[in-house]
Each structure stands twice: as structure tokens, then as C-alpha cells.
Amino acid sequence: MKDFKKFGTSKTEIWHISIALFALAVAFSFILFSKEIFHSGTYFYYSPQFFFETLIAVGFAFVLHELGHKFVAEKYGLWAEFRMWPLGLLLAVLMAVFSRGSFVFAAPGATMIAPIKETKKGFVMKKVRIDAAGMGKIGLAGPIVNNILTLLFIGLFSFLPLHMFKIAAQINGWLAIFNLLPFMILDGQKVWHWSKWAWGGAMLLSVALFLMSGILI
């Protein structure tokens, strides 16, 4: 970790996160408020409240998850920025609408990581060694952030029982579990490759918090 640099971002990353966040809020609002949107046989009734409540619930879950990966990766001296997947965002919105709120395919993009640094002249390669433990910790950062947010929103709901806090707790709990699945390009694959014990402990914690969000709220 000698090549530590301060947490930073770029206009490109902010733009990509903003678009992904907007699309996810729209898509998940059709899922979370399907009864209100598709009520009484009409095609849909959409209130701005649905969007803003979903933005709070999904926004914290999504953005802070990605920033968790980014922060740990940058501690290792790596370049790390989020890049959206336009097709995945389009599919998320279309499937949520045309399934009438019964299904959503959410693949907004990912935090891209590379041993490079950005300069005024472009990108240049860096001599950064990252082993399985480093990659595992980078992968684990996102689900851990979601677990912390699950606890936070459970606590907020106990003091102020707002619907958005309930949804936020459950979405964060679900995202932690999903991302820890040890398959393909998910975070869990990196954690599993690094340490089976770390993966098992993280998965047990995530499942426990998800169940807690359903029982206590």
C-alpha cells in the first residue's frame, strides 16, 4: 500500500454514476410501487414521489457500494472508476415497465480497476502488484458497505418508520447477498478465491442482516 493516493473522481465517472442512478431509480420504482402505478386497470399512474423514494433507497445502496470498491482499490494505488453499461440500464427500465413491475434485470455497470494512473496526456501504466488478498478485499468492500447501510436503515426505521427506510434496508441486504455469490464477475468470486472463511463469514452476516430487515421492520 505504499502507492496510496487520495480518493478522487472525474467528470466522466460522475456523469456515468448519475445516469445509472437515474435509470435504476426509474426501473426499481416500477417494482416497488407496482400496485400504485398499475392500479384499477389503467396502464400506469406515476407520481414523482415513487421516483424520489426509490432514489433514496436504491441510490445509497448502489452508489456507496461502488464507492466502497473504488476507495479500497485506490488505497492499493490502482485507478478505479465506475462505468455504466447503457444496454443493461435500458433493459432494466424496459423490463420493469413491460413486466408491469414484476421483474427487473439490473446490470448498471461496474467499477473498472486497472494498474494505471491518469495524467494530462492520458493514461500511463504503473508498477502495482495486486494479489488475491488485495482483489478479495476490494471485492468485499461493496457488500460490507451494503451490510452497514442495512443496519443503518433498520435503526432509522425504528425511530422514524418511513417506507423508504424499510425498502432501503431490504434492498441493501439483498444486494450484499447477491454480490457475494461466488460466480462469474460478481464480488463473491474474488472473495471466494481469496479466502473461503472470509466469504463464508460475509455471506452469513449478509443473510442474517437481510432476515433481520424482514423480521424487525
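The values are calculated or read from the model by the stated rules, or taken from the named source; none is laboratory data. Note that the structure is a prediction, hence the values are computed from the model and not measured. Reconstructed Cβ throughout: ideal geometry from the backbone, glycine too, with neighbour counts over all protein chains shown.
Testing GLY8 on (1) over 22 Å from LEU186 (Cα atoms); (2) modelled with pLDDT of 85 or more, one condition comes back false. Which one is that?
Every condition holds for GLY8 apart from (2).
Name the single residue that is nearest to the chain's Cα centre (by Cα) among those in the range 138-167 being under 20 Å from LEU205 (Cα atoms) and of a type in the set (S, T, N, Q).
ASN146
Given the residues LEU181, LEU160, LEU204, which is the only one that is over 30 Å from LYS35 (Cβ atoms) and either in contact with a helix residue (DSSP H, G or I) (Cβ under 9 Å, 6 or more places away or on another chain) or surrounded by fewer than 15 Cβ atoms within 10 Å (Cβ to Cβ) (or both)?
LEU204
Here are some conditions: (1) crowded, with 20+ Cβ neighbours inside 10 Å; (2) part of a helix (DSSP H, G or I); (3) not basic (Lys, Arg). PHE82 meets all but one. Which one does it not meet?
(2)
Look through ILE154, ILE171, ILE167 and report the one residue that is surrounded by fewer than 23 Cβ atoms within 10 Å (Cβ to Cβ), of a type outside the set (Phe, Trp, Tyr) and part of a helix (DSSP H, G or I).
Only one candidate passes the filter, namely ILE154.
On the given criteria, is MET135 under 17 Å from the mean Cα position of the chain (by Cα) and modelled with pLDDT of 85 or more?
Considered against the rule, which asks whether it is under 17 Å from the mean Cα position of the chain (by Cα) and modelled with pLDDT of 85 or more, MET135 comes out as no.
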